[in-house]
Amino acid sequence: MKTTVRMRNFILLAAVAVAVVFLPGLLIKIGVIDAYTAQIFTLAGINAIMAISVNIICGVTGQLSLGQAGFMAIGAYVCIWFSQAMHFPLPLAMVTGALFAAVAGFFIGFPTLKLSGDYLAIVTLGFGEILRVIFVNLKVFTGGANGKRFTTILAASADIAWIVIIGTLAAVVIFLQNFLRSTYGRAIFSVREDEIAANSNGISVFKYKMTGFVVAAFVAGLAGALYAPFIGFVKPDLSSFNRSVDYLIYVVLGGMGSVTGSVIAAFVLTYLQEFLRFLKEYRLLIYPVILILVMLFRPQGLLGMKEFSFVRAWQRVTARRGAKDVGK
Amino acid sequence: METLVVFFQQLINGLSLGSIYALIALGYTMVYGIVMLINFAHGDVLMVGAYTGFYVLHAMGPSPHALALSFVASMIVCAVAGVAIERFAYRPLRSAPRLNSLITAIAVSLILQNGMRVLPFVGPNPRQFPTMPTVNISFGAFGISNIQIIVILVSIVLMLILNYIINWTKTGKAMRAVSFDMRAASLMGISVNRVVAFTFALGSVLAAAGGILFATAYPQIDPTMGAMPGLKAFVAAVLGGIGSVPGAMLGGYILGVAETMTKGFISSQFADAISFSILIVILLVKPTGLMGTKVRVKV
């Protein structure tokens, strides 16, 4: 009985994932979804990966990072450099970019994670800004302050971009859900809830904070490695403080600690930004106002710590139908 | 000899820049000392101050009287803005987790920047800040400009006044008490809300002065101008030990001199990176800053 339920849930989730990745890809291919809409939603996918990365640090590990865009920039530049100058195949270049970001995360996390709270926020902020200055000055690799243009297959065809980026997003979500339910994930949660209690229960606080930090840096690097080939343009501003704040906003609105919450928030807000274009400059005011209202009236965000579950949604639908049948 | 001249010239430039940082850093450190909040909107209050000064100077033409009047006007505007921000954005969240207040502070900062951008009479484009003609007074090989003298003198006077308010007046005593222990202070009959509002007003007044001095020294203003000096001043406050008033002054001067020395001897491109690197090194070696006190965590 139990194995069939597990099997059914697995098939359900696999079906949802495959549908989400390939169905819109097909629609884009045959032209039902136009290139502009496709681009907005693909960009939303990258934003969602970044939001997940920020969420791993802020929601799951309980530390505040204001420099996550820095890791994204590392991923973007390394991926572009390896694919353009070293002629790596693009997927390999992307993984390399993400790995470089993870290594950077390790070396930055090593000294800074001893700090906590506000101080960590400021140090990560400073890290992002330092990276920006370095990228501006390393003209040979980065093309300086004006950025660098190039063409890749992701920028050229919208359907492949959708499948690759949303496929990666689905993979990140699946990996993360499993990670959070492993002993590592539980240990990280316990560090977030109470460092002192976790420490006295034999959990190495520093080790698990570091694990969370490196995983988050890896995911951010992956997002950057997807972003650069997709947009076809990179600029040192990618690692600026303002961009880190944008991603933090998704996480806060979606609910800190809720992976699905940040994915939903990233999609809704990215679309909202395009939808509100008719407001012109005034739309810049809407984000911060929403942010303050959320902080005042629903500080836990959209989903709080909860996760949206396809399995539970399915069970609810089938249960209702079952109840109807009984009623007859 | 050449190096020595550059050194002294950059030292003077650094003192001038550092006194602006110190003024702004005082606002950060006072607010942090009392409500434990990094007031990210502080740099943008500075921007509001600079714009107020711009309109006064624009209407009256750049003269010493107009400059004095612009200081008064922008201090009043910023004090009101600071108190309003505290009342409507931060006070409702005073007992909420620290992260929520921090995010609200970032949101307030974005509202001020983008709000100024959409205001029809401000707009997103940079403007030239009207300044008095620069007069260089030279002492042999190096010189000091009249603007640098104004910057240094005004900041020193303001810091002395602040020092007097904090250490020798009743309100200052109340501020120190609230900073020491907010609940105990409120039990002793100190109106915590009034003290916090006064702290924000005081910090914003200093930011207004800092804004006008910054715009006089680097005469171009735009709605995002507050972000960088704001961050730098925050670095200065952390460097000196956040929560400590003399620390913020010291941190401001150290950061200003370090930055101009980098510009003079290494490269102007790296000045931003240097100040953040100083911050990281300081936090790793002495996380409480130069003059901060260590807080013990009790279980």
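Answer yes if at least one residue in the range B:209-222 is within 13 Å of chain A (Cβ to nearest Cβ) and either surrounded by fewer than 24 Cβ atoms within 10 Å (Cβ to Cβ) or under 20 Å from B:Asn39 (Cβ atoms) (or both), and no otherwise. Checked against the condition, which is being within 13 Å of chain A (Cβ to nearest Cβ) and either surrounded by fewer than 24 Cβ atoms within 10 Å (Cβ to Cβ) or under 20 Å from B:Asn39 (Cβ atoms) (or both), the range B:209-222 yields no hits at all. Only one entry of B:Val48, B:Val35, B:Val80 meets the criterion of being surrounded by fewer than 20 Cβ atoms within 10 Å (Cβ to Cβ), at pLDDT 85 or above and within 19 Å of B:Ala201 (Cβ to Cβ), and that entry is B:Val80.
Regarding A:Leu169, is this residue out of contact with any Lys or Arg (no Cβ under 9 Å at 6 or more places or on another chain), within 15 Å of A:Gly25 (Cβ to Cβ) and assigned to a helix (DSSP H, G or I)? Yes; evaluated as a whole, the condition is true for this residue. For B:Leu102, the conditions (1) in a helix (DSSP H, G or I); (2) free of Cβ contacts under 8 Å to residues at least 24 places away in the same chain; (3) within 26 Å of B:Thr293 (Cβ to Cβ) all hold with the exception of (2).
One residue stands out in the range A:279-323 among those that are within 14 Å of chain B (Cβ to nearest Cβ) and aromatic (Phe, Trp, Tyr): the one that is nearest to A:Asn47 (Cα to Cα), namely A:Tyr287. Looking at A:Gln315, is it at pLDDT 75 or above and assigned to a loop (DSSP other than H, G, I, E, B)? It is false that A:Gln315 is at pLDDT 75 or above and assigned to a loop (DSSP other than H, G, I, E, B). Restricting the range B:113-125 to residues that are at the interface with chain A (Cβ under 9 Å from one of its Cβ atoms) and not in a loop (DSSP other than H, G, I, E, B), which is nearest to the chain's Cα centre (by Cα)? The residue in question is B:Gln113. For the range A:98-144, a residue qualifies if it is more than 10 Å from chain B (Cβ to nearest Cβ), of a type in the set (Phe, Trp, Tyr) and within 20 Å of the chain's Cα centre (by Cα), and the qualifying residues are A:Phe100, A:Phe106. For the range A:193-299, the helices (runs of 4 or more DSSP H) that sit wholly inside it and include 3 or more residues that are surrounded by 20 or more Cβ atoms within 10 Å (Cβ to Cβ) are A:205-231, A:241-254, A:259-275, A:283-297. Would you check if there is a residue in the range B:151-158 being surrounded by fewer than 16 Cβ atoms within 10 Å (Cβ to Cβ) and within 14 Å of chain A (Cβ to nearest Cβ)? Checked the range B:151-158: no residue is surrounded by fewer than 16 Cβ atoms within 10 Å (Cβ to Cβ) and within 14 Å of chain A (Cβ to nearest Cβ). Take the conditions (1) among the aromatic types (Phe, Trp, Tyr); (2) in contact with a helix residue (DSSP H, G or I) (Cβ under 8 Å, 6 or more places away or on another chain); (3) part of a helix (DSSP H, G or I); A:Phe88 misses just one of them, which is (3). For B:Phe40, are the conditions met, namely being part of a loop (DSSP other than H, G, I, E, B), closer than 30 Å to B:Gly243 by Cβ, under 15 Å from the mean Cα position of the chain (by Cα) and not polar (S, T, N, Q)? Taking the combined requirement at face value, the residue satisfies it.
In this structure, does B:Gly172 turn out to be touching a strand residue (DSSP E or B) at 6+ places or on another chain (Cβ under 8 Å) and under 25 Å from B:Tyr21 (Cα atoms)?
no
The values are calculated or read from the model by the stated rules, or taken from the named source; none is laboratory data. Quantities reported herein were computed from a predicted structural model and do not represent experimental measurements. All Cβ positions, glycine included, derive from the backbone under ideal geometry; neighbour counts span all protein chains shown.
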